[in-house]
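Accompanying notes for the structure given below.
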Amino acid sequence: MTTLVPRDDVSRVLVVTAHPDDVDFGAAGTVAAWTSAGIEVAYCVCTSGDASGGPGADRAEVAARREQEQRDAAKAVGVEQVTFLRHPDGRLTASLELRRDISRVIRQFRPDRVLTWSPEINWDHIVTSHPDHRAAGEATLAAVYPDARNPHAHPELLADEGLEPWATGELWLADSPAGLRNHAVDVTDTVDRKLAALRAHSSQTGHLTELADDIRSYLAATAERHGLPGGRLAEAFQVVNTA
């Protein structure tokens, strides 16, 4: 694994996830570090997480609750802008429609960096390689390059909506295969905000009595694996130059 030094000229970051709570499990400590440093962060969530809860639950009510949980979680780490694309939960594909919708948000927000989920399978921890996660990652990669920067891709975005092309210079991937993760972020000072964000997803985490200990143990192991000093906590990513 080759350590990579990310760009230092970043003022806006867009995070694209499949479901509410994905960012909070995978990157909320990093997001809190960014917002603390004055970086503006926005979320784009591809589904509303409505394929969760009991079989008899009202899907619209589940979606509304999970969207509100994500908004509350976002505020815990300093994020105010949350966009829901409302594609079907559990059936997400890297379709042209999803690529267009993510490209729209990129052109609107004009981020210097985009963070999303890896389109690859993490064979070491298969339960996090949900097909929706990988579809969101694949569609976001295509939106970052080439769609959002190409005036001929999804021409209606420019012709009908006046959204000028935008080139994002850096892509961060969460949950890549371990050998591809080339950058770790020290989140020791922001872990409490990450945990507050996770607790905001009460429909998903309310029953997890060992959540805080489990998260801290995982982040400690990540920090150790990436050579941080003892006692530190970290989140790790695959950073890709897309300039």
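The values are calculated or read from the model by the stated rules, or taken from the named source; none is laboratory data. Computed from a predicted structure; not experimentally measured. Positions of Cβ are backbone-derived with ideal geometry, glycine not excepted, and every protein chain shown enters the neighbour counts. Note: areas computed on protein heavy atoms with side chains; ligands, DNA, RNA excluded. Shrake-Rupley method; radii C 1.70, N 1.55, O 1.52, S 1.80 Å.
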Of THR168, THR209, THR17, which is the most mobile in a GNM of the chain whose springs link Cα atoms less than 10 angstrom apart?
THR209
Give, in nm to one decimal, the length gained when the segment between ALA64 and GLU164 is fully stretched (0.36 nm per residue of separation minus the Cα-Cα distance).
32.8 nm
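Give the residue list of GluC sites (Glu not before Pro) in the stretch 97-179 that are DSSP loop and have at most 15 other beta-carbon atoms within 10 angstrom. Before the final figure, lay out each step's value.
Numbers: sites: GLU97, GLU120, GLU138, GLU156, GLU161, GLU170; in loops: GLU120, GLU161.
Passing both the DSSP loop test and the Cβ count: GLU161.
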Would you mind checking which residues have amide H under 5 Å from PHE84's amide H? H placed 1.01 Å from N; only 5 or more apart, or other chain.
VAL45
With θ taken as phi - 60° and the coefficients 6.51, -1.76 and 1.60, list the Karplus ³J(HN,Hα) couplings across the stretch 105-117 in order, rounded to whole Hz; mark glycine and proline as x.
5, 4, 5, 6, 8, 6, x, 7, 9, 10, 10, 8, 8
Loop-only check: which trypsin sites (Lys or Arg not before Pro) in the stretch 8-108 are DSSP coil with at most 12 other Cβ within 10 angstrom?
ARG91
Take the chain, connect every pair of alpha-carbon atoms lying under 10 Å apart with a spring to form a Gaussian network, then pick out the residue of ALA167, ALA57, ALA139 with the largest mean-square fluctuation.
ALA57
According to the square roots a ≥ b ≥ c of the eigenvalues of the Cα gyration tensor, what is the shape class of the stretch 89-148, taking rounded for a/c under 1.5, prolate for a/b larger than b/c otherwise, and oblate for the remainder?
prolate
Picking from VAL15, ALA136, PRO151, whose Cα lies most toward the positive end of the charge dipole for the chain (charges on Cβ: Lys, Arg +1; Asp, Glu -1)?
PRO151
Quick one: how many Å² of SER203 are accessible to a 1.4 Å probe, rounded to 10?
40
In the stretch 14-55, whose amide N lies under 12 Å from the spot 7 Å out along Cα-to-Cβ of TYR218? List them in ranges.
22-29
One checks the Cα atoms of the stretch 1-128 and finds Rg and Dmax, in Å, of 15.2, 49
Looking at the stretch 1-84, which GluC sites (Glu not before Pro) are in a loop (DSSP not H, G, I, E or B) and have at most 14 other Cβ atoms within 10 Å?
GLU80
Other residues with Cβ under 15 Å from the Cβ of VAL144 give, with Lys and Arg +1 and Asp and Glu -1, a net charge of +4
Fluctuation leader among GLY90, GLY29, GLY179 - the chain, Gaussian network, Cα springs under 10 angstrom
GLY179
Summing +1 per Lys or Arg and -1 per Asp or Glu among the other residues with Cβ less than 13 Å from THR190's Cβ gives -1
Under the classification rounded if a/c is under 1.5, otherwise prolate if a/b is larger than b/c and oblate if not, where does the chain fall, given a ≥ b ≥ c as square roots of the Cα gyration tensor eigenvalues?
oblate
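First check a/c for the stretch 157-243, with a ≥ b ≥ c the square roots of the eigenvalues of its C-alpha gyration tensor; if it is under 1.5, answer rounded, and if not, answer prolate when a/b is larger than b/c or oblate otherwise.
Because a/c hits 1.5 or more and a/b fails to exceed b/c, the stretch 157-243 counts as oblate.
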How far apart, in nanometres, would the label points at ASN241 and ILE121 be if each is projected 7 angstrom from Cα along the Cα-to-Cβ direction?
3.2
